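Working notes, beginning with the structure itself.
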Amino acid sequence: MSETVGAYVLRRLHENGIERLYGYPGDGINGIVGAFHEHGDEVEFVQVRHEEIAAFCATAHAKLTGEVGVCLATSGPGAIHLLNGLYDAKLDHQPVVAIVGQQNTQSLGSNYQQEVDLITLFKDVASDFVHVCMKPGQARHLIDRAINVARASRSVTCVIFPADVQEEPFEEPPRAHGTVYSAPAGSDPRVVPRDPDLDRAAELLNAGEKVAMLIGQGAARAADEVIQAADTLGAGVAKALNGRDALPDDLPFVTGPIGLLGSKPSDQMMAGCDTLFMIGSSFPYSEWLPEPGKARGVQIDIDGRMLGIRYPMEVPLVGDSRDTLRALMPRLERKDDRSWREEIEDNVRQWWELLDEQAHLSADPINPQLVFHELSPRLPDRCILTADSGSTTNWWARHLRLRKGMRAALSGTLATMCPGVPYAFAAKYAYPDRPVIAALGDGSMQMLGMNALLDIADKWPRWSNRQLVVCVLNNRDLNQVTWEQRVLAGDPKLEASQVIPDFPYARFAELIGLKGIRVDSPEQVAPAWDEALAADRPVLYEAITDPEVPPLPPHIEMDQATQLARALLKGDPAAGRVLQQSLKGKIKEFVTR
Ligand SMILES: Cc1ncc(C[n+]2csc(CCOP(=O)(O)OP(=O)(O)O)c2C)c(N)n1
Ligand SMILES: [Mg+2]
C-alpha cells in the first residue's frame, strides 16, 4: 500500500526533528491520526484534555527547549480551541506549528458541517505562514516551510489539511515547471552588529555614570556575558518577566522584576539612571522605564522589528545577545566609581528584607506571600517553574529567589490565564528528570487547570522524576482584577463578577490518584512544602489565602492610592479588611511618587 499524505506528514515532521506533538483527535484529522499506527515511534502523539492545552504545551515546549513546538487539532471547533494558546506563542515570539484538519475539499463552500474559514481564522495568529494543502505534492514544502518559517521568524505557522487530501496517496512533486523541492532547513546564525555600531554603543555606555540594564528572554543564553557587562559598567540588572530565568536572583546587583509586578529596586534604578541598556526584551510598560530624554539608550535585539519601540534608543543594535555582548566587551571601560552599583545593591538588600517582612504579616487565614517565601529556599536544584496570570504572578515574580540552573516560564505578553498547569505538563515531557512547580490562582484552576491536572494524573508514572507540585492559591476571588478595579478604576469589588465558587482542589487531586495537601494556617505552609517536595507522585498544594493582601506595584502613585480610597468609600464589601491589611502592609513604604 502506498504512503498516504497523512503518513507522509508524520514522516516529514520526524525528518524535520519533531519528536512529539500535542493534540486532540476529530474526524477532520483522522487521516493524520491514523498514521500514528505507523509512525508513533518516531513522532509521539500526546493527547491532552483540550486543544487549548495542546497549544499551551507546544508553546511551553518551544520556550523551554528552544525547539519548534507542534500541536494538532481537528477542523472547526478543534482548530478554534487552539487559538488562545497559539496567541500566547505569537506574542512571546515562540516557534510553534499548528496542524489542523478541514472538511473534504469538495464540500468547501457548501456551508458544510464544521466548515470554518480556517485561513481567515488563522491569518492573524499565523500571519507569517498559513496554507491549505490542496494536493499531495504540496505536503513536502508545506511541512518544511511551516517548521522553517516558525523557527526562522520565531512565529506561529499553520498548515491546514482537508480530510480527503490526508487519505490520498503521497506523491513527490513531479519534475515539472511550477514545482519546488524543499528540504528541512534551519541553522543558528551568528548575528553581530557592525564595528562602527558597536563602537557607538560602547561610547555611549562608557559615557554613562549610572547604567541600568534591563534583560528579557533574549538574554537567556547570555547570562555570563550579562554578568560581565554589568560588572564592568557598574550596573544593576532588572529582568522582564519573560527573562525571569535569564539571570539568577541571588546575585546582589539583580534588582528582580520590573513593572506592575515588579520590585522597588528595579523601579529606583530606572528612575535614577542616566543610561538604559536593554537586551533581548520587549517589556511593554514604558511608564516603568526612565522618562524619555532622561537617559540615553542602547538596545540589543535579534529582531530588528523590536528595536526602539519602547524607549527612544540612541544606539539600536540587531544582534544575538551573547555574541553581541562578547563583541562589545573589549570596548567597554570599567567604571572606577562604584557608588551607583553600591546604591543598587543596598536597595536590593533592603528590598529582600522588606519582602521578608511582608511575607510574615498576618492575614486571614494565610498571607499568599508566605507561600512563595517558604517555597523559595526549598526550590530543588534544576527545577522548572511555571506561572499563570493573576495575583499569584506578583508573588511568584517577587518572592522566589531563582538560583543558577533553574528555569521559569509564563505567558509574558498575552498574559492569559491558564498556561500554568499545561506548561508544567509539557515541562515534564521535555525534561522528565527535572522537578517542576506550577503556581496559579483558583480562577485559572477552574478555567482549565483542573482539566490539565487530569493529564498529569494520567501520565506521571512515566516520568523518572516525579516531583511535580501544582500550587493553587484558593482565595475564592479573581483577585488580580479585583485589585485592578479598586486601584486603577476606583471601583469597589463587584461580587457578581469577582467571587468564584469554592472547590476542594486537594480532595479533587486525591480523587484522581495524586496527592492533595490543603493548607489553611500559616504554620502549615513550610512543612507542607517539605511534604509536597518529598512525595512519590505529583501533588496539589492548596493554600487558603487572603484576597485582601494587596498585590500592589512596588510604587503606587498617589492617584492610585486615591482611587483605592474612593473604591473603599463607594462601599467595597471588604473595605474594612482591605484597609486593615493595607495598613499592616505599610502601604506608605510603597508610595514613592
Ligand atoms: C483568559 C483570560 N481571561 C481573563 C483575564 C483577566 N484576568 C487576569 S488575572 C484574572 C484573575 C485570575 O484569578 P485567579 O486565577 O483566581 O488568580 P488570583 O488573581 O485570584 O490570584 C483575570 C480574570 C485574563 N488575563 N485571561
Ligand atoms: Mg483567585
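The values are calculated or read from the model by the stated rules, or taken from the named source; none is laboratory data. In this text, all values refer to a predicted model and were calculated from it rather than measured experimentally. So basically every Cβ, Gly included, is an ideal-geometry build from the backbone, and we count neighbours across all protein chains shown.
If I ask for residues that are more than 24 Å from Lys459 (Cα to Cα) and either within 16 Å of ligand 2 (Cβ to nearest atom) or assigned to a loop (DSSP other than H, G, I, E, B) (or both), which ones from region 504-527 would you list?
Val519, Asp520, Ser521
I need every pair where a residue in region 272-295 that is closer than 15 Å to Ala246 by Cα and of a type in the set (A, V, I, L, M, F, W, C) has its Cβ under 6 Å from the Cβ of a residue that is surrounded by 17 or more Cβ atoms within 10 Å (Cβ to Cβ) and at pLDDT 95 or above, sequence separation at least 6 or different chains.
Between residues of region 272-295 that are closer than 15 Å to Ala246 by Cα and of a type in the set (A, V, I, L, M, F, W, C) and residues that are surrounded by 17 or more Cβ atoms within 10 Å (Cβ to Cβ) and at pLDDT 95 or above, the close pairs are Met278/Leu214; Met278/Gln299; Ile279/Ile215; Ile279/Ala219; Ile279/Ile300; Ile279/Ser321; Phe283/Ala240.
Which pairs do you get when a residue that is of a type in the set (Phe, Trp, Tyr), found in region 173-184, comes within reach of a residue that is surrounded by 11 or more Cβ atoms within 10 Å (Cβ to Cβ), reach meaning Cβ atoms under 7 angstrom, with the pair 6+ apart or on two chains?
Listed pairs, sorted by first residue: Tyr181/Pro173.
Cβ-Cβ distance below 8 Å, separation of 6 or more or different chains: which pairs start in region 526-550 with a residue that is in contact (Cβ under 8 Å) with a residue 24 or more places away in the chain and among the basic types (Lys, Arg) and end on one that is surrounded by fewer than 20 Cβ atoms within 10 Å (Cβ to Cβ) and in a helix (DSSP H, G or I)?
Arg537/Trp460
Looking at Ala126 and the list (1) surrounded by fewer than 18 Cβ atoms within 10 Å (Cβ to Cβ); (2) closer than 20 Å to Asn84 by Cα, which single condition is not satisfied?
For Ala126, the exception is condition (1).
Working only within region 195-226, note down all residues that are exposed (fewer than 12 other Cβ atoms within 10 Å of the Cβ) and of a type in the set (D, E, K, R).
Asp195
Of the residues that make up region 13-30, is at least one among the small types (Gly, Ala, Ser), surrounded by fewer than 20 Cβ atoms within 10 Å (Cβ to Cβ) and without any contact (Cβ under 8 Å) to a residue 12 or more places away in the chain?
no
Of all residues in region 411-445, how many are within 18 Å of Pro551 (Cα to Cα) and more than 16 Å from ligand 2 (Cβ to nearest atom)?
Final tally of qualifying residues: 1.
Of the residues Ser376, Ser411, Ser389, which is away from ligand 1 (no atom under 16 Å from the Cβ), within 30 Å of Ala430 (Cα to Cα) and under 21 Å from the mean Cα position of the chain (by Cα)?
Ser376 is the lone residue from the list that is away from ligand 1 (no atom under 16 Å from the Cβ), within 30 Å of Ala430 (Cα to Cα) and under 21 Å from the mean Cα position of the chain (by Cα).
Those residues that are in a loop (DSSP other than H, G, I, E, B) and modelled with pLDDT of 90 or more, I need them from region 552-572; list them, please.
Lys570, Gly571, Asp572
Per-residue answers, yes or no, for (1) outside any loop (DSSP other than H, G, I, E, B); (2) among the small types (Gly, Ala, Ser); (3) near ligand 1 (Cβ under 9 Å from one of its atoms); (4) crowded, with 24+ Cβ neighbours inside 10 Å:
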residue	(1), (2), (3), (4)
Gly405	no, yes, no, no
Ala439	yes, yes, no, yes
Met447	yes, no, yes, no
Leu454	yes, no, no, no
Pro461	yes, no, no, no
Ser464	no, yes, no, no
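Just wondering, is there one or more residues in region 559-570 that are within 16 Å of ligand 2 (Cβ to nearest atom) and of a type in the set (Gly, Ala, Ser)?
The answer is no, given that none of the residues of region 559-570 is within 16 Å of ligand 2 (Cβ to nearest atom) and of a type in the set (Gly, Ala, Ser).
Kindly list the number of the only condition in (1) more than 16 Å from ligand 2 (Cβ to nearest atom); (2) touching a Leu at 6+ places or on another chain (Cβ under 7 Å) that fails for Ile500.
Of (1) more than 16 Å from ligand 2 (Cβ to nearest atom); (2) touching a Leu at 6+ places or on another chain (Cβ under 7 Å), only one is false for Ile500: (1).
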